[in-house]
1. So if I check each of Glu43, Glu48, which one is under 29 Å from Leu15 (Cα atoms), within 13 Å of the ligand (Cβ to nearest atom) and surrounded by fewer than 10 Cβ atoms within 10 Å (Cβ to Cβ)?
2. I'm checking my understanding of the structure. Among residues of the stretch 27-40 that are among the hydroxyl-bearing types (Ser, Thr, Tyr) and assigned to a strand (DSSP E or B), which one is farthest from the ligand (Cβ to nearest atom)?
3. Assess whether Leu24 counts as being modelled with pLDDT of 90 or more and either among the acidic types (Asp, Glu) or not in a strand (DSSP E or B) (or both).
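The values are calculated or read from the model by the stated rules, or taken from the named source; none is laboratory data. Model, not experiment: these values are computed from the prediction. When we count neighbours, we look across all protein chains shown, and the Cβ atoms used for this are built from the backbone with ideal geometry, even at glycine.
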Amino acid sequence: MKCSRKQVGPNGEVLCYCGKQAILWTSWKEEDPSKRLYGCKVEGCPFELLKDSPMCYRSKMVIPELHNGVELLEVELLELMFMVEFLSEKVKKLQRREMMLQMRVQILLYWG
Ligand SMILES: [Zn+2]
């Protein structure tokens, strides 16, 4: 149910027709990327209210590209975090090995 008037609660929150506080969500559909809508928490409630005014053509073209870029960067970040974790484990192993070797050198130097 799309509506043009919004009902507002005592603290300025947007209310659904069923009286619950509406939740704000973002649509990433290609035809209207990053469009923000109010919806209802109650399952099956058809309440839907547009928060933003319609987007210009340029924004409709640019925003999906930026959004895709963000998703690619998030994947790259996850890969890098995994690699950092792997390499820190390797560094710890090498530090332990170095310590053991230094101890052996000390023992050899001491006992001849
Ligand atoms: Zn509702």
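1. Numbers: Glu48 fails: surrounded by fewer than 10 Cβ atoms within 10 Å (Cβ to Cβ).
After ruling out the rest, the residue left standing is Glu43.
2. Let us first name the residues in the stretch 27-40 that are among the hydroxyl-bearing types (Ser, Thr, Tyr), namely 27, 34, 38.
Narrowing further to those that are assigned to a strand (DSSP E or B): 27, 38.
Values: Ser27: 18, Tyr38: 10 Å.
Top of the filtered list is Ser27.
3. On the way: modelled with pLDDT of 90 or more: yes; either among the acidic types (Asp, Glu) or not in a strand (DSSP E or B) (or both): no.
So Leu24 fails the test.
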